[in-house]
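A short worksheet on the structure shown next.
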Protein chains: 2
Amino acid sequence: MSTPERLIESTRELLWERGYVGTSPKAIQQRAGAGQGSMYHHFSGKPDLALAAIRRTAEELRAAAEERFAVPGTAVERVTAYLRREREVLKGCPIGRLTQDPDVMADPVLRAPVDETFAWLRARIADVLAEGRDRGELDAGLDPADTASTVVAVLQGGYVLARAAGSEEPFRRAVDGVLGLLAAHATTGHRAD
Amino acid sequence: MSTPERLIESTRELLWERGYVGTSPKAIQQRAGAGQGSMYHHFSGKPDLALAAIRRTAEELRAAAEERFAVPGTAVERVTAYLRREREVLKGCPIGRLTQDPDVMADPVLRAPVDETFAWLRARIADVLAEGRDRGELDAGLDPADTASTVVAVLQGGYVLARAAGSEEPFRRAVDGVLGLLAAHATTGHRAD
DNA sequence: GTCTATAACGGGATAGAC
DNA sequence: GTCTATCCCGTTATAGAC
């Protein structure tokens, strides 16, 4: 892997583990096995590297999500596939965590990919749910946009609860809980199976 | 307000705004209008002050939540009162955000109040829901513990989405969404009112 | 109790040699 | 392209005077 590639990958890992404020150029260099001069040759500084790292992580997240939504099946099945997809629960969401980073939120350039990722995700899930409703799979009284926000929030909040507890359990429960609630709105579904 | 009090309050604010890693003793002192010597006279250092601040914030959160749960009404009404309570949505949850702070999570002493707060909250909401179920207000098929985790996750995730979007809208939608889902499980409720 | 000095260390970056 | 040297500043204290 080229030096710029290694620097970006190291930054991605550290951003995930320690956040932007908690990540120093020195730590990035050491993990990448690159010197100071090398890093500053390829990138203008910490914000530049972080931008490259965040963009790549956002793209990956989007691709991984789209993979589940594109699958054939009912709307609830597709959302379930997304929610139950394998995740590193205790590490949290690499994009969601940036939301708590004051320096990221203060910089419109760094913030944009975070904003766009969640906007896309909410809209995409709303589409899946609206499709399910139009097909008659889902209760017509269910608001696709609201419910999509709920689904994404359960995921992001599930990470928070898991990290607080030091266990994946609350994450699993939160996901099971929302799927249980959703099941009652599936017009072909059963309430207590 | 006494100097120790001002130091604790300043720390609470900064922890909320910038997190533990992003908060320096110097910033705390300046906001509190206290000198270095004064701070180190009353507290052994940054972790000690942070512990006092976190404990107080956790207590307040718990008291504010209990206030809503203790109100008379159906389980869904009490959970709704909690979810719709006035909040500084764009600032996020002062306890939940600590979950993303590597230095807080690495220190068992600082981490404990965070863990305990969410454990209490999930259990408390599960109790409210179980009570509603036993009273026949709620669908017997609904799992109180899972649903409680979902409710707390929606809140925590709602904060994340709101901060990402720079708007309270996704938070409101996520809350409306979960309440809409929950309504269908209220045995006396109506689906599409 | 509060103040000022001092210090060891790391963050974030620049300069110029190789 | 990569390396080492250097720099300035902020962090997180400690020491001792007042």
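The values are calculated or read from the model by the stated rules, or taken from the named source; none is laboratory data. What you see is a predicted model; the values in this text were computed from it and never measured. Cβ placement follows ideal geometry from the backbone for every residue including glycine, while neighbour counts extend to all protein chains displayed. Note: areas computed on protein heavy atoms with side chains; ligands, DNA, RNA excluded. Shrake-Rupley method; radii C 1.70, N 1.55, O 1.52, S 1.80 Å.
Quick notes
- Cβ-based net charge around B:Ala148, under 10 Å, with every Lys or Arg adding one and every Asp or Glu removing one: 0
- Average projected area [Cα convex hull, the stretch A:23-120], square nanometres: 7.6
- In the assembled protein chains, A:His185 presents an accessible area of approximately 10 Å² (probe radius 1.4 Å).
- Projecting the alpha carbon convex hull of the stretch A:54-183 along each direction and taking the average yields 7.9 nm².
- Neighbouring partner chain Cβ atoms per residue of A:88-97, average, 10 Å criterion: 2
- Distance (nanometres) between label positions extended 7 Å along Cα→Cβ at B:Lys26 and A:Tyr40: 2.1
- Principal-axis tilt of helix A:75-84 within chain A, Cα atoms, nearest 10 degrees: 40
- Between 0 and 90°, nearest 10: helix B:144-165 axis offset from chain B longest Cα axis: 60
- Computed over protein heavy atoms with a 1.4 Å probe, the accessible surface of the stretch B:56-183 works out to 37 Å² per residue.
- 10 Å Cβ neighbours from other chains, averaged over peptide A:13-19: 2
- Helical runs assigned H by DSSP (4 residues or longer) give chain B a calculated mean residue ellipticity at 222 nm of -22500 deg cm²/dmol, each run adding -39500 (n - 2.57) before division by the residue total.
- Shielding by other protein chains, A:106-114, mean Cβ within 10 Å: 1
- Label separation (B:Glu66 vs B:Asp107): 2.6 nm, computed from points 7 Å beyond Cα along the C-beta direction.
- Structure remark: mean-square fluctuation, Gaussian network model of chain A, C-alpha springs under 10 Å; the largest value among A:Tyr40, A:Tyr20, A:Tyr82 belongs to A:Tyr40.
- For B:Gly22, neighbours were defined as the other residues whose beta-carbon sits under 13 Å from its Cβ, and their charges (Lys and Arg +1, Asp and Glu -1) total -1.
- Long-range amide H partners of A:Leu138 with built H, under 5 Å: A:Arg133, A:Thr187
- Given a 1.4 Å probe and the protein chains as shown, B:Glu17 ends up with an accessible area of around 70 Å².
- Rounded Å value of the spacing that divides the Cα centres of the stretch B:1-71 and the stretch A:146-179: 28
- Angle between chain A longest axis and helix A:46-69 axis [Cα atoms, degrees, rounded to 10]: 20
- Pairwise label distance in nanometres, B:Glu59 with A:Thr3, each label 7 Å out on the Cα-Cβ vector: 5.5
- Accessible-area composition of the protein assembly as shown, carbon plus sulfur, in percent [1.4 Å probe]: 49
- For the protein assembly as shown, alpha-carbon Rg over 2.2 N^0.38 Å: 1.03
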